[in-house]
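The values are calculated or read from the model by the stated rules, or taken from the named source; none is laboratory data. Quantities reported herein were computed from a predicted structural model and do not represent experimental measurements. Cβ placement follows ideal geometry from the backbone for every residue including glycine, while neighbour counts extend to all protein chains displayed. Side chains included, ligands, DNA and RNA excluded: accessible areas come from the protein's heavy atoms. Shrake-Rupley method; radii C 1.70, N 1.55, O 1.52, S 1.80 Å.
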Amino acid sequence: MVAGAALPEWGTLPAAYGGGAAAAWQQLKSPVVVPLLRLSVAVCLAMSVMLFAEKVYMTAVVLATRLLGRRPEQRYRWEPIRDGAGGDLEAGGGNAAARYPMVLVQIPMYNEREVYQLSIGAACGLTWPADRIVVQVLDDSTDPVVKELVQLECERWASKGVNVRYEVRDSRRGYKAGALREGMKRAYARGCDVVAIFDADFQPEPDFLHRTVPFLVHNPELALVQARWKFVNADECLMTRMQEMSLDYHFTVEQEVGSSTYAFFGFNGTAGVWRISALNEAGGWKDRTTVEDMDLAVRASLKGWKFVFLGDLMVKNELPSTLKAYRYQQHRWSCGPANLFRKMLMEIVRNKKVTLWKKIHVIYNFFLVRKIIAHIVTFVFYCIVIPATVLVPEVEIPRWGSVYVPTIITLLNAVGTPRSVHLIVFWILFENVMSLHRTKATFIGLLEAGRVNEWVVTEKLGDALRMKMPGKGFKKPRMRIADRLHILELCVASYLFFCGCYDITFGNNHYYIFLFLQSIAFFIVGVGYVGTFVPHS
């Protein structure tokens with residue numbers, strides 16, 4: 001080939017480069033592939049603009065909120081609850097002399113061998129008048145050894161004078177929602193005014209109730225007080241650092257924006273306190289999706305109730321540090337909201353108790369952009385469409401869509417965790433890989449197909465990892481290759497690698513830099529070489 005001559009495109013290569021396959025490709029490319037790819041690019045660019053506008057809007061709201069000093073204590077009345085011998089939340093209302101309401105603390109559990117002592121101990125250590133609090137341990141464990149351990153722990157705290165109740169049921173019907181619903185039916189629970197909910201790995205500080213319940217006592221329009229999560233194992237591995245970056249953005253930006261503008265956000269299912277009358281008015285716990293917490297929040301909001309998020313109140317908990325546990329969690333967190341959107345769309349539209357702007361916020365901002373478009377555009381655009389344009393040079397993507405908008409969105413996401421800003425490239429690659437799993441789960445939820453109601457409890461390790469670290473007599477466990485291979489990720493890795501090779505050989509837009517990096521990321525996850533490896537006996 002003459003030096004400096006332009007390299008031929010794939011569709012015009014001689015037979016030596018592909019023969020019949022190249023000819024068939026050329027026949028399909030102009031009438032079919034090019035129009036479809038151009039349509040895909042246009043749709044993805046539109047979704048990118050929607051996501052970009054949402055990120056800019058939320059950042060602006062957060063900055064305005066902080067500059068104006070509109071903390072929850074400025075938006076809602078808060079003052080310590082005065083001592084009293086009794087009384088209930090409704091009777092107390094907005095009275096400055098309101099007495100301590102009756103608090104129910106619910107801890108749903110399922111085979112939580114590693115963390116049950118931490119959560120029960122933290123709940124029993126909450127500072128609140130002993131005659132005004134009930135700790136309810138809802139144990140759905142199927143392991144008889146774990147059930148016995150949890151029951152003994154409850155009896156140990158009961159012997160110290162704590163009003164702790166150990167509850168079991170005949171089946172796991174409804175999973176967590178079913179357990180919480182059954183717990184609310186107990187006679188002692190019906191006499192409570194507020195309920196605080198903590199998952200099995202959550203450890204509230206002793207003053208948690210003193211900082212949250214006064215909001216409900218002094219503001220009768222509030223139904224929920226949500227605290228922020230603090231991750232005790234964020235530094236365990238690179239995967240947990242990536243999770244911390246995503247979840248910190250969720251709390252410091254998404255939850256804060258919802259709280260300060262429309263007084264609505266999705267309940268996180270734990271580390272929150274509900275007004276029981278609001279919970280009941282909304283219809284109680286339902287198990288129709290895998291996001292019973294979000295379901296309850298949306299229904300309560302449609303009844304006119306308001307929520308408040310406390311960003312400076314943190315509750316310690318554990319991030320999933322194994323890839324298997326994280327994949328199951330992300331499937332539930334992506335499939336559930338999409339399925340709930342399908343079920344509640346018309347109910348939201350027809351609602352007459354909330355304003356039009358709040359309906360738009362819930363439908364467009366909360367569900368459509370954040371729970372559906374964000375997942376789909378991340379995978380389809382960056383991992384399928386952009387690489388495809390390397391093979392079809394007739395389709396071009398404007399630089400603002402392929403570079404500028406994604407860069408700004410990424411930088412805005414980084415504000416949630418400043419300490420991890422140097423890991424932003426790794427975070428981008430990891431999030432793109434996980435977007436495959438989330439996109440699949442989103443479509444399962446929207447179409448209500450397959451694993452739509454699959455519920456797998458996120459594995460918590462507690463001190464298990466430290467106890468099983470290699471030492472004298474330790475034998476490295478064998479893991480079957482099939483348990484670590486993820487075929488979809490490996491297929492996408494191969495596709496990206498091929499596109500990268502083609503771009504570096506025939507292209508001129510330098511996408512290969514991103515394509516090779518992203519291919520490596522998909523391959524690493526595809527062979528399961530990410531997260532913490534825990535030996536199982």
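Please verify whether segment 167-175 includes one or more residues that are surrounded by 20 or more Cβ atoms within 10 Å (Cβ to Cβ), touching a residue at least 40 places away in the same chain (Cβ under 8 Å) and not in a loop (DSSP other than H, G, I, E, B).
no
Restricting to segment 110-162, count the residues that are among the aromatic types (Phe, Trp, Tyr) and farther than 16 Å from Asp199 by Cα.
Taking segment 110-162 as the starting set, the residues that turn out to be among the aromatic types (Phe, Trp, Tyr) are 110, 116, 128, 157.
Filter once more, so that each one left must be farther than 16 Å from Asp199 by Cα: 128, 157.
Number satisfying all stated conditions: 2.
Are any residues in segment 349-363 of a type in the set (A, V, I, L, M, F, W, C) and either buried (at least 20 other Cβ atoms within 10 Å of the Cβ) or not in a helix (DSSP H, G or I) (or both), and if so, which ones?
Val354, Val362
What number of residues in segment 281-295 are in contact with a helix residue (DSSP H, G or I) (Cβ under 8 Å, 6 or more places away or on another chain) and part of a helix (DSSP H, G or I)?
To start, the set of residues in segment 281-295 that are in contact with a helix residue (DSSP H, G or I) (Cβ under 8 Å, 6 or more places away or on another chain) comprises 281-292, 294-295.
The next check asks that each one be part of a helix (DSSP H, G or I); those that pass are 281, 292, 294-295.
Selection size over segment 281-295: 4.
Regarding Phe366, is this residue part of a helix (DSSP H, G or I), open to solvent by 20 Å² or more (accessible area, probe 1.4 Å), in contact with a Phe, Trp or Tyr (Cβ under 8 Å, 6 or more places away or on another chain) and not aliphatic (A, V, I, L, M)? Can you show your working first?
On the way: part of a helix (DSSP H, G or I): yes; open to solvent by 20 Å² or more (accessible area, probe 1.4 Å): no; in contact with a Phe, Trp or Tyr (Cβ under 8 Å, 6 or more places away or on another chain): yes; not aliphatic (A, V, I, L, M): yes.
Criteria not met by Phe366.
Output the number of residues of segment 289-338 satisfying the condition of being more than 17 Å from the chain's Cα centre (by Cα), within 20 Å of Val369 (Cα to Cα) and aliphatic (A, V, I, L, M).
1
Considering each residue of segment 377-410, count those that are closer than 27 Å to Arg327 by Cβ and either among the hydrophobic types (A, V, I, L, M, F, W, C) or open to solvent by less than 20 Å² (accessible area, probe 1.4 Å) (or both), and give that number. Walk me through it before giving the result.
In the first step, residues of segment 377-410 are kept if they are closer than 27 Å to Arg327 by Cβ; the result is 377-388, 406, 409-410.
Next, only the ones that are either among the hydrophobic types (A, V, I, L, M, F, W, C) or open to solvent by less than 20 Å² (accessible area, probe 1.4 Å) (or both) stay: 377, 379-381, 383-388, 409.
Total satisfying the criteria: 11.
Under 8 Å between Cβ atoms, which residue pairs at least 6 apart in sequence (or on different chains) link something in segment 412-438 that is more than 19 Å from Cys237 (Cα to Cα) with a partner that is basic (Lys, Arg) and in a helix (DSSP H, G or I)?
Taking only residues 6 or more apart or on different chains, the pairs are Leu412/Lys55; Asn413/Lys55; His437/Arg327.
All but one of (1) assigned to a helix (DSSP H, G or I); (2) touching a strand residue (DSSP E or B) at 6+ places or on another chain (Cβ under 7 Å) hold for Glu459, so report the exception by its number.
Unmet condition: (1).
For Arg211, indicate whether it is farther than 28 Å from Phe309 by Cα and in a helix (DSSP H, G or I). Give the steps one after another, and end with the answer.
Numbers: farther than 28 Å from Phe309 by Cα: no; in a helix (DSSP H, G or I): yes.
No, not satisfied.
Look at Ala263 and say whether it is surrounded by fewer than 22 Cβ atoms within 10 Å (Cβ to Cβ), within 23 Å of Ala196 (Cβ to Cβ), at pLDDT below 95 and among the hydrophobic types (A, V, I, L, M, F, W, C). Talk me through it step by step, then tell me what you get.
On the way: surrounded by fewer than 22 Cβ atoms within 10 Å (Cβ to Cβ): yes; within 23 Å of Ala196 (Cβ to Cβ): yes; at pLDDT below 95: yes; among the hydrophobic types (A, V, I, L, M, F, W, C): yes.
Judged against the criteria, Ala263 is a match.
Can you pull out every residue in segment 411-443 that is surrounded by 17 or more Cβ atoms within 10 Å (Cβ to Cβ) and among the charged types (D, E, K, R)?
Glu431, Arg438, Lys440
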